[in-house]
Each structure stands twice: as C-alpha cells, then as structure tokens.
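This report concerns only the one structure given below.
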Amino acid sequence: MRVLSGIQPTGRFHWGNYFGAIRQYIELQEVADEAFYFIANLHALTTIRDREQLQKNTLDAAIDLLALGLDPQKATLFVQSDVPEVCELTWLLMTVTPMGLLERCHAYKDKKARGLPADAGLFAYPVLMAADILAYDSDTVPVGEDQLQHIEVCRDLAGSFNAKFGETFVLPRAKIIEGAARVPGTDGEKMSKSYNNTLDIFEEPEILRKKIMRIVTDSRPIHEPKDPETDHLFQLYSLFASPAQREAMAARYRQGGFGYGEVKTALADLAIDYFAEARRRRAELEQKPELVLKILADGAKKARAKAAEVLLRAKKACGVQYCW
C-alpha cells in the first residue's frame with residue numbers, strides 16, 4: 001500500500017484538520033509500505049497572495065505535522081513546490097481533461113454560485129491534485145466523504161490517459177476517513193477557517209480555554225434533559241473522551257440538571273491534556289528550523305526521484321520524450 005495525501009498551509013491547524021486528516025496520516029504511516037505526505041503550497045496560492053505569510057505557514061505546517069507524530073523515518077514529508085515534476089505532469093493531464101468535468105467540480109461551482117471571482121488556478125485545481133496523486137504511483141488516498149469527487153476526477157483523468165496512450169498510471173482508491181466531515185466548530189457548523197469557528201491545536205492553553213467557554217449552545221434551562229447525539233458540544237467532547245467518560249457525560253445530558261459550562265470545562269481539560277506532549281515537541285522543533293528544513297529537503301529528494309520516474313513513463317507514453 002502506497003499512501004499519498006496533502007494538506008494546505010492556509011493557517012494554523014485546527015481540531016478539524018487533526019481528527020479529519022492528520023491523525024489518520026500518523027496511523028497509516030505505521031501500516032503502509034510507503035507514505036508520502038506533502039504541504040500543498042501550490043494549491044494554497046489560490047487563496048494566499050502574501051509571500052511571507054505563505055512561507056511562514058509552510059514552515060509552521062511542517063513543524064506542526066512533526067510535532068503531532070509524523071515520523072520522517074516512516075513517511076516522506078515534503079513541500080509540494082519542491083517537486084516541479086508534478087507541474088509538468090499536470091500539463092500532460094490537462095491535455096486529456098474535458099472542460100465539462102472541471103466545470104462540475106465543487107470548489108469552482110460553489111464559488112461561481114456565490115458570485116465570487118474564480119481564477120484559472122481554482123478551475124484547474126483538480127488536475128494539479130490528480131498529478132499530486134499519480135506522480136507517486138499512489139494506490140491509497142485518505143479523504144473525507146466530501147472530498148471523494150477529487151479521487152473520482154483523478155481516476156477519470158488517469159483512465160483517460162491510459163486509454164489514449166497505454167497503461168501508464170496506477171488508478172488510486174479512496175480510503176474514507178470516518179468522521180472527517182463531522183468535527184463541528186464553535187458555532188455548530190463544520191469547523192473551517194472560512195467560517196472563523198476553529199479551535200487551533202497549538203493554541204495557548206488559557207486562550208483555548210476561553211474560546212471553548214464561548215462555544216455557542218442552546219438556551220434550554222439547566223433542569224431540562226438534553227439529547228447528546230444532537231449536541232455539537234458533546235460531539236467535540238467525544239473527540240477526546242474515553243468510552244467511559246463519553247457514556248458518563250451522555251448520561252448527564254439525558255438526566256438533566258447540569259449546565260453547558262460543566263461540559264465546556266471538561267472539554268477544555270481533556271483537549272489541553274490531549275495535545276500537551278505535541279505542544280512540548282513543537283516548542284523544541286521551533287528552536288531547530290534547520291532540522292525541519294533538512295527533513296523537508298530529504299523528503300523532496302525522495303519524492304522527486306519517484307515523480308521523475310512516473311513523469312518519464314508518461315512522457316514516453318504520449319510521445320513528448322524522444323531521442324533522434
């Protein structure tokens with residue numbers, strides 16, 4: 001099993017990023033034959049136009065991933081733009097990509113529907129994503145259910161290329177991440193930077209505690225029983241609680257006679273403790289940027305070697321690699 005996934009450096013990672021993707025990266029590195037994880041700074045250019053901010057976010061993302069448990073001895077960690085072969089592969093795939101396929105993709109459709117400007121980068125985003133996957137002969141891509149379309153597009157493009165030029169690309173399969181789309185934010189909606197409702201992994205404990213205490217809840221009186229299964233605060237608590245803690249809290253909900261402040265306090269205690277070791281590791285890595293950069297450089301070297309192999313195969317297949 002060769003695993004591939006990327007994560008955009010559009011800001012500091014939050015609980016949704018961790019439980020929706022990063023935790024699975026760390027678990028998969030233990031069982032995969034090979035695992036490639038990249039920081040998708042080229043994709044981030046569709047939203048971030050500040051050079052210094054993008055550079056800082058990229059380094060922060062690397063530090064965060066390493067602090068959370070990504071092991072460069074078990075997985076290849078690199079920055080997307082350090083593998084230029086992927087951009088050349090993107091062009092080869094663009095030549096077999098129907099316009100209608102891209103027009104139906106969610107990110108482009110949603111932005112157009114809201115009357116927002118959509119540039120060519122956003123329009124062609126799925127093709128670059130397909131190149132990211134195909135460049136490493138990836139056969140397994142961990143995604144949430146809301147990202148399945150990206151894998152379907154990738155398979156369509158690889159299949160089209162293979163049909164026209166012969167068997168060239170491995171067709172990847174999606175590995176659905178259970179619960180990836182169900183991490184609620186502070187307002188009950190899906191946790192997302194675009195909604196400004198995130199709880200950051202490496203927030204200072206006291207700041208995090210204050211944010212948790214401001215989580216929006218309903219106005220039902222304290223004595224009234226509540227259904228834990230429909231409450232976003234309970235869903236957040238469940239991310240960190242043991243089965244016994246979860247069941248005890250669910251019983252408190254059904255019984256009534258408690259305030260949401262009690263749940264918020266318990267959630268803050270669990271979350272701060274859960275990420276305590278990662279915060280300690282992050283503080284150490286932050287003082288060693290040269291080590292982090294070396295890990296990224298070593299990862300890029302390995303990723304480039306594989307991507308170059310796949311790109312050469314594709315160029316030979318379609319006839320742009322030649323010798324007289």
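Annotations
- In this simple spin-label approximation, Met94 and Arg281 carry label points 7 Å from Cα along the Cα→Cβ vector, and these lie 3.9 nm apart.
- Mean Cα-pair separation over length for the chain, i.e. relative contact order, pairs under 8 Å, 6 or more apart, %: 24
- Antiparallel %, DSSP beta bridges [both residues in the chain], to 5: 10
- If the segment from Asp119 to Ile222 were pulled out straight at 0.36 nm per residue, it would be longer than the present Cα-Cα gap by 32.1 nm.
- Theoretical FRET efficiency, 1/(1+(r/R0)^6), r = Cβ-Cβ of Glu262 and Asp33, R0 41 Å, to 0.05: 0.30
- Geometric extent, Cα atoms of the chain - Rg, Dmax (angstrom): 21.7, 84
- In sequence order, region 2-8 has phi-based couplings of 10, 9, 9, 7, x, 9, 7 Hz under the Karplus curve 6.51 cos²θ - 1.76 cosθ + 1.60, θ = phi - 60°, and Gly or Pro positions carry x.
- Between the amide H of His14 and those of Ile201, distances stay under 5 Å, these residues lying 5 or more places away or on another chain, with hydrogens modeled in the peptide plane.
- Of all lysines in the structure, the ones whose alpha carbon falls short of 23 Å from that of Lys210, not counting any fewer than 8 places away in one chain, are Lys190, Lys193, Lys264.
- 0 to 90° range, to nearest 10: angle between helix 243-255 axis and the chain longest Cα axis: 50
- Relative contact order, percent, region 149-228 [alpha-carbon distance under 8 Å, six or more residues apart]: 17
- Take the Cα of Glu145, step 7 Å toward its Cβ, do the same at Thr230, and the gap between the two points is 1.9 nm.
- Percent carbon-and-sulfur accessible area, the chain, ignoring ligands, DNA and RNA, probe 1.4 Å: 53
- Highest average first, the peptides 101-107, 90-96, 80-86 ordered by how many other beta carbon atoms sit within 10 Å of their residues are 80-86, 90-96, 101-107.
- Taking 0.36 nm per residue of separation and subtracting the Cα-Cα distance, full extension of the segment from Lys175 to Tyr274 would add 33.1 nm.
The values are calculated or read from the model by the stated rules, or taken from the named source; none is laboratory data. Owing to the predicted nature of the structure, the values given are computational and were not obtained by experimental measurement. Heads up, the Cβs are rebuilt from the backbone with ideal geometry, glycines too, and the neighbour counts pull from every protein chain shown. Quick note on the areas: whole protein, heavy atoms, side chains included, nothing else; ligands and nucleic acids left out. Shrake-Rupley method; radii C 1.70, N 1.55, O 1.52, S 1.80 Å.
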